[in-house]
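Coordinate-derived values only; no laboratory data. Keep in mind that this is a model prediction, so the values were computed, not measured. Here the Cβ is made from the backbone with ideal geometry for all residues, glycine too, and neighbour counts use every protein chain on show.
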Amino acid sequence: MSLGKEEMNSRKRRKGILARLLRALVFKRETAKIGIYGPPNAGKTTLTNRIIHTFVNEYEDIGEATAIPHETRRAVRRGGLVIDMKTKLLQNLSPNFGLKSKSKSKSRREKAKLKLDVVDTPGLATKIDFHDFMAYGLEEEEAKRRAKEATEGVIEAIKWLDDIDGVVLLMDSTEDPYTQTNIVIIGNMEARGTPIIIAANKVDLPDATPQRIINAFPQHTVISISALKGDNMAELYEEMVRRFK
């Protein structure tokens with residue numbers, strides 16, 4: 001008798017969680033591989049650049065963020081990062097960083113430290129049409145080439161999930177979160193047992209409504225941020241340390 005789809009997904013999810021637990025018990029990792037995932041133009045490269053600027057080198061970029069979708073068409077890994085909240089607290093950071101005044105919260109952050117490799121991944125999409133690139137002024141030949149590369153990038157991003165310890169999943173808080181792409185991404189990661197933090201990005205924009213994302217995915221932690229302006233980044237970093245360490 002064949003198993004129902006729900007039971008098969010449940011078994012796959014349990015298998016993924018068990019595999020991660022075994023790896024954690026047998027091979028104690030010193031460095032976590034964290035994937036930055038999300039739909040096109042959600043702000044993945046902007047967030048990755050900000051993490052590098054904050055904890056490594058303010059002049060180093062992992063890639064260029066533009067308005068054209070699928071600008072990142074190959075996964076890019078930056079190793080050797082350390083999220084060290086104590087060091088950042090000792091520096092006079094801007095108010096946008098998101099520090100709180102409560103001493104208990106400050107004490108918790110002073111101990112927050114995470115060694116990681118960060119992977120900026122291509123935007124995930126269920127459909128890629130070369131006409132979308134032509135709308136940004138690209139010639140048909142160039143648009144078709146980009147569409148092909150973007151499709152290959154989606155496949156590569158999915159393959160990377162086999163080697164990822166945790167995911168920061170970006171969503172644009174100015175858009176409807178109930179999309180096929182978001183639902184497929186969440187379902188895939190849940191089935192694998194991959195730890196997820198959802199970052200509701202672009203809260204600096206006037207039409208941002210991060211509460212829609214919180215309501216859409218109540219089973220996951222949602223942090224409202226602006227990767228561009230730096231709003232609430234301390235809260236995201238602290239959650240990354242807690243979930244991925």
Sparse-neighbour loop sites [GluC sites (Glu not before Pro); region 126-209; at most 11 other C-beta within 10 Å; DSSP]: Glu139
In what order do Leu124, Leu236 fall by count of nearby beta-carbon atoms within 10 Å, going from fewest to most? Leu124, Leu236
If Lys and Arg each add +1 and Asp and Glu each add -1, what is the summed charge of the other residues whose beta carbon sits under 15 Å from the beta carbon of Pro177? -2
Which chymotrypsin sites (Phe, Trp or Tyr not before Pro) does region 31-63 hold that lie in a coil by DSSP with at most 16 other beta carbons within 10 Å? Tyr59
